[in-house]
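Heads up, the thing below is written out as structure tokens.
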Amino acid sequence: MYTNTTNANPRSVVTVPALRQRKADGAKIAMLTCYDASFAAHFDAAGVDAVLVGDSLGMVIQGQASTLPVTLDHMVYHCAAVSRGLHAPLLIADMPFMSYRDVSTALVSAGRLLAEAGAAMVKVEGAGWVLDVIAALSARDVPVCAHLGLTPQSVHKLGGYRVQGRLEGDAKRLLEDAHAVAGAGAELLVLECVPAELATRITGELAIPTIGIGAGAGCNGQVLVLYDMLGITPGHRPRFSKDFLCGRDSIDAALAAYVGAVQDSSFPGPEHSY
């Protein structure tokens, strides 16, 4: 991973094996989305473990109605900016819509995100045909974070942004998909908008760490969109988000509160879960 060698931050660099060790030790993983170097530096100082350059930038930065218009060039640009502000956190980059539509395209896209943009891991959504992509990337030593549950790139197929896995058959399929992505070589799994009981079961059955967003406190870690965590997202914010800036006088204080709440499992609470 590209790091800013002038950064005097004494924290140890968070690696992919270190995340698995966190799971083994029962230590929670605090993750946030980030899109620029300045916020990245504050994340580093606050003790954030992993940073996701999410294709959520399409909505919160670009003002798009979904993540679908985000391009690989957009992701490379923002990921490279974030990498310049980081020292310790693991840097994860979303693979945008259609950038991993087949194995050959995925290899080129992931190569750019690691070599040009400084990412240490890439994130892909779904299972099924995506398993071949995960396996191909993993076989070439590209760490992969899988993403199941509410997968925003599938918003049209899902019919909107809805909780996934509530029905018995859907829960069974999601559990099977979780085992499948881990078996294909994924090193990390994001579970979005999944009933807390199901997410806890998945977490207990998998060897790889899970990161929840609207999936309850039983996951090995949590992630939020930065702007939701600061309470500055316009319009309706999702149930699973929390404004950590409210009642605090600085962004640094909000970041510290978020990291602390994830680490002591006080966030998410029942009101943030399904």
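Conditions (1) closer than 26 Å to residue 18 by Cα; (2) free of Cβ contacts under 8 Å to residues at least 24 places away in the same chain; (3) out of contact with any helix residue (DSSP H, G or I) (no Cβ under 8 Å at 6 or more places or on another chain), marked per residue:
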| residue | (1), (2), (3) |
| --- | --- |
| 221 | yes, no, no |
| 224 | yes, no, no |
| 227 | no, no, no |
| 235 | no, yes, yes |
| 238 | no, no, no |
| 243 | no, yes, no |
| 246 | no, yes, yes |
| 250 | no, yes, yes |
| 255 | yes, no, no |
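Kindly check whether there is at least one residue in segment 71-80 that is aliphatic (A, V, I, L, M), modelled with pLDDT of 95 or more and assigned to a loop (DSSP other than H, G, I, E, B). Looking for residues that are aliphatic (A, V, I, L, M), modelled with pLDDT of 95 or more and assigned to a loop (DSSP other than H, G, I, E, B), one finds none in segment 71-80, hence no. Considering segment 257-274, the residues that are at negative phi and in a loop (DSSP other than H, G, I, E, B) include one that is surrounded by the most Cβ atoms within 10 Å (Cβ to Cβ), namely 268. Apart from one condition, residue 68 fits all of (1) modelled with pLDDT of 95 or more; (2) in a helix (DSSP H, G or I); the exception is (2). Can you work out which of the residues in segment 67-77 that are crowded, with 16+ Cβ neighbours inside 10 Å and in contact with a helix residue (DSSP H, G or I) (Cβ under 6 Å, 6 or more places away or on another chain) is nearest to residue 235 (Cα to Cα)? Among them, the one singled out is 67.
Applying the criterion of being within 17 Å of residue 255 (Cβ to Cβ) and β-branched (Val, Ile, Thr) to the residues of segment 7-52, the residue that is surrounded by the fewest Cβ atoms within 10 Å (Cβ to Cβ) is 14. Select from segment 140-163 the residues that are of a type in the set (Val, Ile, Thr), under 13 Å from the mean Cα position of the chain (by Cα) and closer than 19 Å to residue 198 by Cα and list them in ascending order. Once the filter is applied, which keeps residues that are of a type in the set (Val, Ile, Thr), under 13 Å from the mean Cα position of the chain (by Cα) and closer than 19 Å to residue 198 by Cα, segment 140-163 yields only 151. Considering segment 154-187, and only residues there that are more than 20 Å from residue 24 (Cα to Cα) and in contact with a helix residue (DSSP H, G or I) (Cβ under 8 Å, 6 or more places away or on another chain), the residue that is surrounded by the fewest Cβ atoms within 10 Å (Cβ to Cβ) turns out to be 161.
Here residue 37 passes the criteria (1) of a type in the set (A, V, I, L, M, F, W, C); (2) out of contact with any Lys or Arg (no Cβ under 6 Å at 6 or more places or on another chain); (3) closer than 18 Å to residue 225 by Cα except the one numbered (2). Of the numbered criteria (1) buried (at least 22 other Cβ atoms within 10 Å of the Cβ); (2) not β-branched (Val, Ile, Thr); (3) not in a helix (DSSP H, G or I), the one residue 63 fails is (1).
The values are calculated or read from the model by the stated rules, or taken from the named source; none is laboratory data. Quick caveat, the model's predicted, so the values are computed rather than measured. With ideal geometry, Cβ positions are generated from the backbone for all residues, glycine too; neighbour counts draw on all protein chains shown.
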